[in-house]
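Contents: one structure, followed by commentary.
Readers should treat all values here as calculations from the given coordinates under stated rules, not as data from a laboratory. Everything numeric in this text was worked out from a predicted model, so none of it was measured. Cβ sites come from the backbone with ideal geometry, for glycine too, and all protein chains shown count toward neighbours.
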């Protein structure tokens, strides 16, 4: 989930007002952004070439502050990402599935063949 969107939803849910303050630094050609939330001493900051990226950085910094203060849980914002090993094992399973089905089908056919042979021998 987008961290800025998460922040806006969290602030609306908790009835918090916020404000983004911008300053353009001419010699570096970058936008400085501060996110001020009423009731919190911390101000999220971000600086980037675009205002949009500076806002995202400020919101991310403020959300990380909330996580550090145990106001919100980290897993609410950043869901668990599967490990490289999990991705690899799932890929192998998907690759081998057709072969496993074929071998199972062959075993079933052999079992049916054995049953037919036994039936015909008994008759």
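Of note:
- Residue check for residue 4: under 22 Å from the mean Cα position of the chain (by Cα), on the phi < 0 side of the Ramachandran plot and not in a strand (DSSP E or B): yes
- Pick from the range 23-53, criterion farther than 26 Å from residue 70 by Cα and in contact with a helix residue (DSSP H, G or I) (Cβ under 6 Å, 6 or more places away or on another chain), ranking: surrounded by the most Cβ atoms within 10 Å (Cβ to Cβ): 31
- From the options 18, 10, residue that is in contact with a helix residue (DSSP H, G or I) (Cβ under 8 Å, 6 or more places away or on another chain) and in contact (Cβ under 8 Å) with a residue 40 or more places away in the chain: 10
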